[in-house]
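These notes concern the structure reproduced below.
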Amino acid sequence: MKRYIALIAVMFLAAGTYAQLGLYLGIRGGGGAMLTQNQVTNLPTSEGVENVFSKSSAWSGNVKGEALFGVWRIRLGYQVMYNASGPSVTEVGTTAQLTPAANTTYFNSSQTRILAQYFLFEIALIHTHHFNLVPGIALGSYDGYKIDQTTGDHINFSETTHHRFSAGAELNFEIVYGRCTFFFGPNYYVFDYQDKYSSNWRQYQHLIGGDIGFRVNLIKPKKG
C-alpha cells in the first residue's frame, strides 16, 4: 500500500516539474439569440385534441464564471451561467384549454431566466506563446423561471418540469500575456424541458451567440 502511495506522489511531483500546469479563474459575458421549439401532442381544446409544433426567437444575454485546472493542453473545470432572454410567444388557438398556473407560460412568456451549472472540458488545438485556439464542451443542468406574459406570474421550472438537461459547445480565440488571457468566440447551448405531469409536452431552447472574457492563471507559467 505504501508503495502505491509513494508512486502516486512521485507522479504528481513529476507532473508539477515537467508539465505546464494551470489553475484558471475567469469571467465572460455575451449575447445572441434564443430559439424556442415547442412540441406538444394531444393538447386539449374545446373541439377535441390538437398537436402543436411551433418556433419562436428572442434576444438573449448572459454572464458566466468559471474555474478550471489545466495540464498541458487539456483543461477541466466548472462553469456557472446566468442567462436572460426575451419573449417566447406561440399562438395555440383560442380553443386550447391551458392551465393558467403552468402551461400558459410555455407558450406565452415575456421573459426567461436560467441559472445553469456545467462540467467544462477544453483542449487547446493550437497552442503558441501568445495565441491559443481552444474548443470546449459543457454538460450540466439548470434551474430558473419564466414570467407569464398575460398574468405576470413567475413560474419556476421546478414546479412544472423535470429532467432539465443542458449541453453546450464553444470555440475560444485566446490572446495570452503572462498569466492573463483575453478571449472571444462563438458558442451554442441547448436547454431541454420535459413537463413534470405530461409526457406529451417538451420544449427545447437553443442559445446561439458569442462571448468575450478574461481569465487569470493562478499558477506561474513555466518559461520556455
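Provide, in order from the shortest bin, the percent of all Cα-Cα pairs of the stretch 22-217 in each 5 Å bin, continuing until the bin that contains the maximum pair distance. The calculated distribution, bin by bin, is 1, 8, 15, 19, 15, 12, 9, 7, 6, 4, 2, 1, 0, 0.
Rg of the Cα atoms in the stretch 112-224, relative to 2.2 N^0.38 Å, amounts to 1.40. Judged by the mean number of other Cβ atoms found within 10 Å, the most tightly packed of the peptides 134-145, 209-220 leads the ranking 134-145, 209-220. Highest mean packing first, where packing is the average number of other Cβ atoms within 10 Å per residue, the peptides 122-132, 197-207 line up as 197-207, 122-132. Extending 7 Å from Cα along the Cβ direction at L76 and again at Y188 yields two label points whose distance is 2.6 nm.
Every number here is computed from the coordinates shown, using simple stated rules; none is lab data. What you are looking at is a predicted structure, and each value in this text was computed from that prediction instead of being measured. FYI the Cβ positions are ideal-geometry reconstructions off the backbone, even for glycines, and counts take in every protein chain you see.
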